[in-house]
Every structure is written in C-alpha cells, then in structure tokens.
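Trainee: Sharing a structure here in structure tokens format.
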Amino acid sequence: MKTLDWKDVYKLGKTDNAKRWYPHEEIAPYFGSIRSPSRAWPWSYAKAAQSQKFAKWLLVNRPDVAKRFNLIDGEAA
C-alpha cells in the first residue's frame with residue numbers, strides 16, 4: 001500500500017513558528033490518540049500521517065482526500 005511522503009503531509013496541514021506540524025480539520029480526528037507535537041517532538045503527527053495505518057484510515061474515512069493524494073488505485077476506485 002502506498003503511504004504519504006513529506007510533500008503530501010505538508011499539504012494536509014500547517015506548521016507553526018516552532019516547526020510543529022498540525023493536520024487540517026478534515027483529518028484531525030485521526031490524531032486524537034497520538035501525542036501532540038512539542039518542541040522536542042515536532043513531527044509526532046507528521047510521522048503518524050506517513051504510516052500505512054493512516055493511509056488505510058484515509059481510504060475508509062476520507063476517500064475524497066485519499067483520492068486527491070493518489071492512495072486509491074484505478075482498480076479500487
């Protein structure tokens with residue numbers, strides 16, 4: 001299964017002045033149980049967004065977003 005790369009992740013959220021990445025509202029529910037970013041761990045959400053688990057979650061819960069990032073093959077769509 002394809003996962004998201006850094007370029008894709010940047011499109012799915014924003015960084016603050018301390019370079020912590022936060023997801024946009026449409027995908028934020030996925031990150032509810034993940035440690036929130038801190039200065040020591042600024043990429044905690046971003047690394048989770050690059051996992052296969054997140055890619056599968058997108059396919060099931062946000063297929064429009066998954067399609068936008070080519071996570072849906074021609075066969076599956």
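The values are calculated or read from the model by the stated rules, or taken from the named source; none is laboratory data. What you are looking at is a predicted structure, and each value in this text was computed from that prediction instead of being measured. Positions of Cβ are generated from backbone atoms using ideal geometry, with glycine treated the same way; all protein chains shown enter the neighbour counts.
Trainee: If you go through the range 15-25 one residue at a time, do you hit one that is of a type in the set (Ser, Thr, Tyr) and in contact with a strand residue (DSSP E or B) (Cβ under 9 Å, 6 or more places away or on another chain)?
Mentor: Scanning the range 15-25 turns up at least one residue that is of a type in the set (Ser, Thr, Tyr) and in contact with a strand residue (DSSP E or B) (Cβ under 9 Å, 6 or more places away or on another chain).
Trainee: Follow-up question, since we're still on this one. Quick one: would you say residue 53 is more than 16 Å from residue 7 (Cα to Cα) and modelled with pLDDT of 95 or more?
Mentor: So residue 53 passes the test.
Trainee: Would a scan of the range 55-68 turn up a residue that is among the small types (Gly, Ala, Ser) and touching a strand residue (DSSP E or B) at 6+ places or on another chain (Cβ under 9 Å)?
Mentor: Checking the range 55-68: not a single residue is among the small types (Gly, Ala, Ser) and touching a strand residue (DSSP E or B) at 6+ places or on another chain (Cβ under 9 Å).
Trainee: Tell me which residues, restricted to the range 1-37, are crowded, with 16+ Cβ neighbours inside 10 Å and among the aliphatic types (A, V, I, L, M).
Mentor: Passing the criteria: 4, 9, 12, 27.
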